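The values are calculated or read from the model by the stated rules, or taken from the named source; none is laboratory data. Computed from a prediction, not measured in an experiment: that's the story for all the values here. Methodologically, a virtual Cβ is constructed for each residue, glycine included, from the backbone with ideal geometry; neighbour enumeration extends over all protein chains shown. Only protein heavy atoms, including side chains, enter the accessible area calculation; ligands, DNA and RNA are left aside. Shrake-Rupley method; radii C 1.70, N 1.55, O 1.52, S 1.80 Å.
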Amino acid sequence: MGFENLLEESRSLNEKMEQAIIKVVKENGGLVRTDTTENSIPICGYVFNEESGHYEEWKILALTTFEDNALSILIGEDYEILGDMTNDEILESSEWYGVTEGLVFAAPTLACICEFLEEHLD
């Protein structure tokens with residue numbers, strides 16, 4: 001049926017989207033906060049909730065890359081979670097999710113980031 005080929009194409013596209021997003025994040029200082037732009041459409045991420053057994057939609061509050069050069073997202077219900085946190089405090093959070101590490105539904109998350117990221121850049 002060719003499903004294997006379609007899955008490989010999907011993985012390849014995910015990798016291309018992730019690399020393009022990483023490039024933008026690095027060009028913007030290594031951290032993109034999405035709570036700093038008013039009236040922008042929120043960027044959504046889809047993360048697996050182990051308790052419910054379902055993927056849930058969350059707002060992406062920030063994006064970064066760490067030493068592994070993979071894209072990571074910080075999620076939450078609303079931007080107030082970040083409060084007056086500095087960029088360094090945000091980066092030190094233990095709540096980051098690697099987009100391609102298994103708990104994030106990568107394809108729709110990456111697509112949403114690609115669609116709305118420019119609205120959140122300074």
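Using θ = phi - 60° in the Karplus curve 6.51 cos²θ - 1.76 cosθ + 1.60, the 3J(HN,Hα) couplings for region 74-83 round to 10, 10, x, 6, 8, 5, 4, 4, 6, x Hz; x is entered for Gly and Pro. First select every other residue whose beta carbon is under 12 angstrom from the beta carbon of Glu15; then total the charges, Lys and Arg +1, Asp and Glu -1. Residues close to Glu15 contribute a combined charge of -1. Between Ser40, Ser93, Ser72, the Gaussian network model of the chain with springs among Cα atoms under 10 angstrom shows the greatest mean-square fluctuation at Ser93. Only Cα pairs under 8 Å and 6+ residues apart enter the sum, and on that basis the relative contact order of the chain stands at 30 percent. Of the solvent-accessible surface of region 16-68, computed with a 1.4 Å probe and all protein chains present, 47% belongs to carbon and sulfur.
Across region 41-102, C-alpha contacts under 8 Å between residues 6 or more apart give a mean separation that, scaled by the residue count, equals a relative contact order of 26 percent.
Sorted on the mean count of surrounding Cβ atoms within 10 Å across their residues, most packed first, peptides 41-49, 94-102 read 41-49, 94-102. Electrostatic tally near Leu110: other residues with Cβ closer than 12 Å to its Cβ, Lys and Arg +1, Asp and Glu -1, net -1. For Val104, the residues whose modelled amide H falls within less than 5 Å of its own, excluding neighbours fewer than 5 places apart on the same chain, are Phe48.
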